Amino acid sequence: MKLGIIGTSEISRLSVQAAVETGSYEPYAVYSRKAETGARYAALYQIPHVFTELDALAGCPGLDAVYIASPNSLHFPQAKLCLSAGKHVIVEKPAVATSAQLEELLDIAKRNNVYLLEAIRPIYNPDLAVLKEAVKRIAPIHYVSFSYMKYSSKYDAYKEGKNPPVFSAEYDGGALADLGIYNLYLCTALFGAPKSSTCTASLLESGVDGVCTQILEYDGFRAVLSASKISASRSASEIQGENGTVTLEEPTSLDRIRLYPRGGGEELLSTERKSSLFCQQKELARILAERDEAAYARAREHMRLCTGLLEQGRRQAGIRFHSL
């Protein structure tokens, strides 16, 4: 599959490296605002086409799909352009900021007979099935706590008065959008849509959140989802049931899943597998290559659910994006 790439950040590099390792993609074109930046990136993967105009990349003959790893606020217009040009789109999380934006993109994708997919690692991790089975073993569930809290390498720059996109309202940044989304996708993958959701946050002067907590209410239990980019947690995420507890290192990679039965003992459940990025890229390529309509339908509905919950949480917490 010939792949176009928008964005030359570290996550773009890591994701494209994983894509190459799957053997399912051929990096074919890259877009960067600066020709020299694009050329340096292209040299990493022997990419034959470098563009400094988005229209040129979207219209590139032979291109099958476009991977978008630009700042969050650019996802919607860039995905719209590429879908309208008849290209499949894989967009980094969060795909878009609002449900209205998502529905517009899904409609364009349908009219052009292409797919819109979100790069969100836990959903395409084979150990998600392992985690689901562990949850069944400890049921009924009484409490869930997912935590993804780490001090961002960009926070010091923000405190110095710079404007890194991850802390910028101009670029739809903040902890909920960047890290809280992993908690939300994993929780809803395990337990479905909640009865209700509330969100609070510690806001930065830029208008986005440094720390946020989203609470999802289910029948019989609640899930507390915490994310931070200005502090770090050393606690594992956990699912507490009547018949035991399941822990995992973080909601992104699903590494080191452990089950502690009520009667005692400990079981390590994680499987031997490739990295979570590799697993994600392999499965996304499969969905596109096979035109797996059932998998695409599941992905669409999950995007709809989580985009709506993120949008609602942002309003509840008073997080402000300049693009909206």
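Data table
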{"quantity": "Residue order for I123, I181 - accessible surface, 1.4 angstrom probe, largest first", "calculated": "I123, I181"}
{"quantity": "Per-pair calculated FRET efficiency, R0 = 35 Å: F221 and E272 via Cβ, rounded to 0.05", "calculated": "0.65"}
{"quantity": "Cross-link reach list, aspartates and glutamates versus K229, counting only Cα pairs under 13 Å and skipping chain neighbours closer than eight places", "calculated": "D156, D178, D209"}
{"quantity": "Heavy-atom accessible area per residue - the chain, 1.4 Å, Å²", "calculated": "43 Å²"}
{"quantity": "Kirkwood Rh and Cα Rg combined as Rg over Rh, evaluated for the stretch 106-215", "calculated": "1.05"}
{"quantity": "Calculated from backbone phi, Karplus (6.51, -1.76, 1.60) coupling profile of the stretch 149-158 in Hz, x at Gly/Pro", "calculated": "9, 8, 6, 6, 5, 9, 5, 4, 5, 4"}
{"quantity": "Calculated Rg/Rh (Cα atoms, Kirkwood Rh) (choose from [x] 1.04; [y] 1.00; [z] 0.97), label", "calculated": "[z]"}
{"quantity": "Accessible surface of the chain, 1.4 Å probe, proportion on carbon and sulfur as whole %", "calculated": "49 percent"}
{"quantity": "Restraint check, K2/K154; K80/K150; K110/K274; K87/K110, Cα-Cα greater than 21 Å", "calculated": "K2/K154; K80/K150; K110/K274"}
{"quantity": "Neighbour-limited loop hits for GluC sites (Glu not before Pro), the stretch 107-206 (at most 13 other Cβ within 10 Å; DSSP other than H, G, I, E, B)", "calculated": "E160, E205"}
{"quantity": "With DNA, RNA and ligands ignored, accessible area of T200 (1.4 Å probe; Å², nearest 10)", "calculated": "90 Å²"}
{"quantity": "Per DSSP, loop trypsin sites (Lys or Arg not before Pro) in the stretch 146-175 with at most 12 further Cβ within 10 Å", "calculated": "K162"}
{"quantity": "Lys, Arg +1 and Asp, Glu -1 on Cβ, resulting dipole of the chain about Cα centre, debye, nearest 20", "calculated": "60 debye"}
{"quantity": "Cα-based Rg and Dmax for the stretch 21-98, where Dmax is the largest Cα-Cα distance (Å)", "calculated": "12.3, 36"}
{"quantity": "Cβ-Cβ FRET estimate between E10 and S235, R0 fixed at 25 Å, reported to 0.05", "calculated": "0.45"}
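The values are calculated or read from the model by the stated rules, or taken from the named source; none is laboratory data. Computed from a predicted structure; not experimentally measured. Please note: Cβ atoms are built from the backbone with ideal geometry, for glycine as well, and neighbour counts cover all protein chains shown. To get the accessible areas, we keep the full protein, side chains included, count just its heavy atoms, and leave off ligands, DNA and RNA. Shrake-Rupley method; radii C 1.70, N 1.55, O 1.52, S 1.80 Å.
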